[in-house]
Amino acid sequence: MSQHEQQIIRQLQALVGTASVSSTDPSWDQGNRGVVELLAGWLGDLGFATEITDVSEDGRKANLIATLGAGPGGLVLAGHTDTVPFDEGRWHSDPLALTERDQRLYGLGSTDMKGFFPLAIAAARAFVDTPLKQPLIILATADEESSMNGARALAAAGQPRGRAAIIGEPTSLVPVRLHKGIMMESIQVTGSAGHSSNPALGVNAIDVMHGVLSELMLFRQELAQRYSNSAFEVAFPTLNLGCIHGGDSPNRICGGCELHFDLRLTPAAAAAGVRQDLEQRLQRIAARSGAGIALRPLVEPVPPFEQAADSELVRLAEKLTGHSARAVGFATEAPFLQALGMETIVMGPGSIDRAHQPDEYLELDQIQPCIDLLQQCIARYCL
């Protein structure tokens with residue numbers, strides 16, 4: 001193994017070994033500050049100007065903007081520094097210690113997506129002594145796996161403003177120009193409790209939720225009929241019933257029931273006011289049943305993303321990779337960077353099929369092709 005490859009692996013070891021779980025569950029949620037400071041140190045040593053900005057009030061969560069060169073335009077190489085929670089008992093090695101076997105690098109975040117950063121740094125290293133006409137920016141964000149508050153903070157601040165942005169999520173180095181949006185929602189039904197011997201003594205929230213579930217099934221079918229998009233592998237919007245809980249005893253009329261679900265929307269569905277439609281349906285059920293029904297977001301929604309097929313960045317990525325740009329069902333930070341005025345694609349090493357899984361890994365044979373691809377993109381936008 002070359003010294004160059006050894007350095008990449010050492011950096012990924014350090015990143016994987018610095019825990020940065022992001023979760024809506026407070027018992028799991030951690031900060032990403034340690035990862036951001038590692039990246040800032042390495043990039044600062046290469047001559048990048050580094051700026052760390054707090055995302056949370058306590059400073060545990062932060063974004064990093066590292067810039068080589070100056071001026072408007074240029075290229076942004078972006079990624080998130082957080083990981084999902086993990087079940088250590090289902091791993092065959094320590095998830096927080098990078099392990100090499102079978103030509104793969106195993107570790108939490110190795111492919112989603114800490115592995116992108118050492119490769120972006122390696123690609124940038126070739127340009128540190130070259131005067132750049134437009135800047136190269138490496139962006140590292142917080143909380144992509146939960147609230148996307150890192151990307152939201154950047155969009156609110158209006159930075160960075162490059163000419164183009166590549167988000168290094170795992171796509172096996174195939175460009176992605178289109179993905180669904182995501183809404184995570186709660187429906188809370190409030191009935192009134194009473195003795196189970198007489199249903200008239202209360203309003204059973206589980207009974208009402210049965211009507212809500214029936215309406216959601218109908219709603220799901222209508223979404224599929226109206227807003228399908230053949231560019232996606234799963235062509236239609238999806239509605240997943242994630243968890244449900246309610247009641248406290250078999251001999252009491254249930255006074256409350258709550259359902260959590262997610263909607264993954266095609267661009268056409270998101271533009272059609274789907275949430276307002278659902279709200280109206282739920283209120284009709286509430287009026288008929290006498291129960292209270294509240295629809296509330298569990299997290300702020302992520303918009304769908306679409307970069308024009310004929311845009312310069314998409315054409316370049318297709319030419320360099322030999323792959324047509326495609327659509328994916330998972331959400332990314334792309335719509336937030338695109339909102340800053342940059343042409344944006346998602347393209348990075350590793351497979352999304354390994355993300356959020358025990359024994360997550362990055363293939364060694366993705367390393368050099370990724371570096372070569374990024375260097376060609378840097379040359380196009382920065383020289």
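The values are calculated or read from the model by the stated rules, or taken from the named source; none is laboratory data. These figures come from a predicted structure and were not determined experimentally. Positions of Cβ are generated from backbone atoms using ideal geometry, with glycine treated the same way; all protein chains shown enter the neighbour counts. Keep in mind that these areas ignore ligands, DNA and RNA; they rest on the heavy atoms of the full protein, side chains included. Shrake-Rupley method; radii C 1.70, N 1.55, O 1.52, S 1.80 Å.
When the stretch 175-199 is limited to residues that are open to solvent by 10 Å² or more (accessible area, probe 1.4 Å) and within 17 Å of the chain's Cα centre (by Cα), the one that is nearest to residue 265 (Cα to Cα) turns out to be 182.
Can you name the residue in the stretch 52-75 that is hydrophobic (A, V, I, L, M, F, W, C) and outside any loop (DSSP other than H, G, I, E, B) and, of all such residues, is nearest to residue 143 (Cα to Cα)? Here the residue is 62. The residues on offer are 62, 40, 78, and the sole one that is small (Gly, Ala, Ser), closer than 23 Å to residue 372 by Cβ and at pLDDT 95 or above is 78. Exactly one residue out of 83, 99, 141, 111 is modelled with pLDDT of 95 or more, in contact with a His (Cβ under 7 Å, 6 or more places away or on another chain) and hydroxyl-bearing (Ser, Thr, Tyr), and it is 141.
Among the residues of the stretch 18-42, which ones are open to solvent by less than 40 Å² (accessible area, probe 1.4 Å) and more than 24 Å from the chain's Cα centre (by Cα)? Passing the criteria: only 41. Can you find a residue that is in a helix (DSSP H, G or I), in contact with a Ser or Thr (Cβ under 9 Å, 6 or more places away or on another chain) and basic (Lys, Arg) anywhere in the stretch 8-27? No: zero hits. Within the stretch 143-160, the set of residues being open to solvent by 20 Å² or more (accessible area, probe 1.4 Å) and in a helix (DSSP H, G or I) comprises 149, 152, 153, 155, 156, 157.
Every listed requirement among (1) of a type outside the set (Lys, Arg); (2) in a loop (DSSP other than H, G, I, E, B); (3) under 21 Å from the mean Cα position of the chain (by Cα) is met by residue 78 save one, (2).
Considering 120, 140, the condition of being crowded, with 22+ Cβ neighbours inside 10 Å, touching a helix residue (DSSP H, G or I) at 6+ places or on another chain (Cβ under 9 Å) and part of a helix (DSSP H, G or I) is satisfied by 120 alone.
When residue 85 is tested against (1) over 19 Å from the mean Cα position of the chain (by Cα); (2) in a loop (DSSP other than H, G, I, E, B); (3) of a type outside the set (Val, Ile, Thr); (4) farther than 17 Å from residue 150 by Cβ, exactly one condition is not met: (1).
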